[in-house]
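Participant: Quick one: this structure, given as structure tokens, is what I'll be asking you about.
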Amino acid sequence: MTTPAGRRESVIAKIRLGLGANDSAARRAEVAERLARPTAQLVPERAKQPADERRRQLRTYLEGQSATFIEVENADDVPTAVGRYLRSANLPLRVRVGDDPYLSKLAWQSEPALERRNGRAHGDDEVGLSRAAAAVAETGTLVMASGADNPVTLNYLPETHIVVVEEGSLVGGYEEAWERIRARFGRRAMPRTVNFVSGPSRTADIGGQLVMGAHGPRRLCVILVRS
């Protein structure tokens, strides 16, 4: 009887045969070298813009996908921006947030009425607060790395998601975003999931009718910290 591991090895052997590859020491060394020093990919011109243009690109794409975009001068302005957004959307002054040290150190005393609940999202949480590992200007995409500091449940369970982006984490294209993820976590310590978010959840699969919040938040607010 063939075991699952045996079937796997059989499939891999057929692939190697089709590619004309062999499992020699020289080939393993070549693969190890490619993994250690990835070849630079072709980067489109729109992903090579200066900082001001990257900010404009991010805002344009996110607002085009029905997200709210807020810019603040420094990190201590974030709590006030969060409170102002929640009031404008008639939402409770209560957010679920992970253990991210950056978010924990913010000047929350400036919003004493705002309640912060720590940990993974629960079914009754209306608002989640996260920090993006990076943001991609060329498509207006937030790169969310899972972990106790920013639980992946915050990306999908609450109907409203607020994401803080540091301007230093704003990159032109996906290639640079992956470089930052590798540099932050290390090649053998990557997060379990890396999610790419480009606006609130939406679908028009049924009858061509646009539905917000079908499989995630119906509202997305991005707060860009300039310094």
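Participant: State which residue is surrounded by the fewest Cβ atoms within 10 Å (Cβ to Cβ) when the search covers only segment 134-182 and only residues that are closer than 25 Å to ALA214 by Cβ and among the small types (Gly, Ala, Ser).
Facilitator: So, considering only residues that are closer than 25 Å to ALA214 by Cβ and among the small types (Gly, Ala, Ser), the one surrounded by the fewest Cβ atoms within 10 Å (Cβ to Cβ) is SER146.
Participant: Here's something else I'd like to know. From the list ALA25, ALA75, pick out the single residue that is within 18 Å of ARG131 (Cβ to Cβ) and not charged (D, E, K, R). If you could, list the steps in order and put the result at the bottom.
Facilitator: Values: ALA25 fails: within 18 Å of ARG131 (Cβ to Cβ).
On inspection, the qualifying residue turns out to be ALA75.
Participant: Right, another one. Residues that are at pLDDT 95 or above and surrounded by 14 or more Cβ atoms within 10 Å (Cβ to Cβ): find the helices (runs of 4 or more DSSP H) completely inside segment 1-119 holding 2 or more of those.
Facilitator: Output list reads 51-64, 78-88, 101-104.
The values are calculated or read from the model by the stated rules, or taken from the named source; none is laboratory data. This one's a predicted model, so the numbers in the text were calculated from it and none came from an experiment. Note that we place each Cβ from the backbone using ideal geometry, even for glycine, and neighbour counts take in every protein chain shown.
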